[in-house]
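What follows is a set of notes on a single structure, which appears directly below.
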Amino acid sequence: MKSMTGYGSFEEMNEQFQLSVELKSYNSRYLDINHNIPFFLSSFEMEIDEAIKQFATRGHVEVNVRVKSFVSDMEIVVDKLAVQRYSEAFSQIAAISGKALKPELSDFLGSEGVLTSFRQGDSEIYRASLFSTLAKALQQFEQSKLREGAHTKADLAQMGKLIANGHAVIASHADELEALVKSNLRARFDEMLSDQNYDENRILSEVAVMLIKYSVNEELKRLEVHIKEFFNLLHADEPVGKRLDFLCQEMNREINTIGSKSQMVEMNLEVVRMKDSLENIREQIRNIE
């Protein structure tokens with residue numbers, strides 16, 4: 001079991017640059033990857049995403065990549081043709097004005113198009129370091145998610161046992177509940193028809209109908225199946241967050257039905273405890289894949 005919350009980071013350095021990768025993830029219904037990387041590495045975004053998908057199936061993942069260069073990658077180019085044409089232009093201005101004109105070096109440096117600067121855009125020089133660093137950061141990221149997931153799994157198992165215990169207590173009172181319903185119905189009939197002759201078979205038929213209405217045996221059977229599946233999913237080696245969420249909805253339905261049928265204080269108390277445990281489980285599973 002893995003948590004959707006995780007963190008990992010790593011840094012590599014060589015003679016040319018220092019590159020670091022940081023990964024953070026939070027709860028999200030789907031996998032959402034957000035990039036914060038230098039523009040000259042943007043061509044690697046899809047490859048970065050594919051690497052992350054090997055370690056995360058759900059969650060909001062933030063990827064931060066930073067590069068610090070130790071050598072300048074700036075190129076400055078002198079446009080010789082532009083210098084020549086500016087020189088010719090200065091000579092024409094001198095001839096037309098009839099005044100001596102000796103251009104200074106600053107006149108050329110300040111003229112548009114004489115100097116052009118740009119940075120080398122070969123992103124491939126960063127590829128090996130980027131994905132090596134990413135791989136190591138992802139290993140930390142994975143271990144972080146597994147550690148958090150192990151704690152969550154232990155909590156879920158503990159709360160699952162509380163629900164299982166509640167189920168056992170309610171099951172032990174199921175026959176008692178039926179006897180209580182039957183006794184109450186018979187007493188009610190005796191009270192209403194004590195001075196009249198009545199059909200015993202009809203009363204038993206009515207009792208059977210009421211027993212079906214108030215019996216919790218079917219709900220207990222379904223809840224038992226759900227509890228077994230809950231513990232099976234806890235030990236699965238695949239993402240189970242969505243399946244656990246659906247299973248909790250089914251368990252909640254059965255527990256609510258038992259509570260609505262129960263006429264015994266002992267059973268009602270267990271229903272309250274089970275619903276509290278189930279709510280805690282639903283809070284926890286929002287943070288697992």
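The values are calculated or read from the model by the stated rules, or taken from the named source; none is laboratory data. Remember, predicted model here, so these are calculated numbers, not experimental data. We place every Cβ from the backbone using ideal geometry, glycine too, and count neighbours over all the protein chains shown.
A few remarks follow.
Okay, residues lined up against (1) buried (at least 17 other Cβ atoms within 10 Å of the Cβ); (2) at pLDDT 90 or above; (3) not hydrophobic (A, V, I, L, M, F, W, C):
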residue	(1), (2), (3)
Val225	no, yes, no
Phe231	no, yes, no
Asp237	no, no, yes
Leu244	yes, yes, no
Leu247	yes, yes, no
Val272	no, yes, no
Ser277	yes, yes, yes
Glu283	no, yes, yes
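- Flag: Asn64 does not match the condition of being touching a residue at least 60 places away in the same chain (Cβ under 8 Å) and surrounded by 10 or more Cβ atoms within 10 Å (Cβ to Cβ).
- Unmet criterion (only one of (1) surrounded by 15 or more Cβ atoms within 10 Å (Cβ to Cβ); (2) farther than 22 Å from Gln143 by Cβ; (3) of a type in the set (D, E, K, R)) for Lys99: (1)
- Condition check for Ser129: of a type in the set (Ser, Thr, Tyr) and buried (at least 17 other Cβ atoms within 10 Å of the Cβ): yes
- In the set (1) part of a helix (DSSP H, G or I); (2) surrounded by 12 or more Cβ atoms within 10 Å (Cβ to Cβ); (3) at pLDDT below 90, the condition left unmet by Leu81 is number (2).
- Within the stretch 1-15, tally of residues that are buried (at least 19 other Cβ atoms within 10 Å of the Cβ), of a type outside the set (Lys, Arg) and within 13 Å of the chain's Cα centre (by Cα): 4
- Cross-chain or 6+ apart pairs with Cβ under 7 Å, the stretch 262-289 first and without any contact (Cβ under 8 Å) to a residue 40 or more places away in the chain, then part of a helix (DSSP H, G or I) and aliphatic (A, V, I, L, M): Lys275/Ile255
- Count of residues meeting criterion [within 17 Å of Lys53 (Cβ to Cβ) and touching a strand residue (DSSP E or B) at 6+ places or on another chain (Cβ under 7 Å)] in the stretch 27-36: 6
- As a summary of the residue check, Ser87 satisfies the conditions (1) farther than 30 Å from Gly241 by Cβ; (2) part of a helix (DSSP H, G or I); (3) in contact (Cβ under 8 Å) with a residue 40 or more places away in the chain except for the one numbered (3).
- Residues of the stretch 1-60 that are under 16 Å from Pro239 (Cβ atoms), among the hydrophobic types (A, V, I, L, M, F, W, C) and part of a helix (DSSP H, G or I): Ile52 alone.
- Residue check, Ala137 over 30 Å from Leu247 (Cβ atoms), under 55 Å from the mean Cα position of the chain (by Cα), free of Cβ contacts under 8 Å to residues at least 60 places away in the same chain and assigned to a helix (DSSP H, G or I): no
- Selection status of Asp155, surrounded by fewer than 16 Cβ atoms within 10 Å (Cβ to Cβ) and closer than 30 Å to Asp276 by Cα: yes
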